[in-house]
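S.K.: Can you keep this structure in mind? I'll have questions shortly.
Quick note: the coordinates plus some simple rules give every number you see, no bench work behind them. This structure is a prediction, so every number in the text was calculated from the model and none was measured. Neighbour counts run over all protein chains shown; Cβ positions are idealised from the backbone, glycine included.
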């Protein structure tokens, strides 16, 4: 087997026996995740479905390195995830957009933080905005992403675009409503 084929078979993300519990105010333990296993390879798309409070977002935050598991391990590209990992992005249920910025400006923020050149940021941002299907009119100066009447999905898209541009693994936490 050649190196390219081996790379495609190697896990991008490997979650093994992950457990997560929290201490309740009365001192009892609340188990949210118990012995969760997940392997994600390049090109795969996985959806987690479950009731509200079933631990989906907790699992995503653990995979992203925003929370440490109580047990088990999360590995990304063969390395343990022990904090926020470069290459994993998370779009939260309560996403943050800067309402005084255009969609393009919001999308470019992630690349600005990584100190990309302006021309590269603009080109990559516009390609990603087109990929996700945002309306080009949202790029007109003065039109803001937090305009009244926009759906939750419409508001979440700029944050999703930002994650797509910068990462190998994109975790999106979204309620069904």
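S.K.: Please compute the length gained on full extension between residue 86 and residue 48, using 0.36 nm multiplied by the number of residues separating them and subtracting their Cα-Cα distance. It would help to have the intermediate numbers written out before the result.
M.R.: Working: separation 38, 0.36 × 38 = 13.68 nm, distance 2.23 nm.
That pair, residue 86 and residue 48, stretches by 11.5 nm at full extension.
S.K.: Arranged from highest to lowest average of other beta-carbon atoms within 10 Å per residue, in what order do the peptides 30-40, 66-76 appear? Walk me through the numbers before you get to the answer.
M.R.: Details: 30-40: 14.5, 66-76: 16.8.
With the highest mean Cβ count within 10 Å placed first, the list reads 66-76, 30-40.
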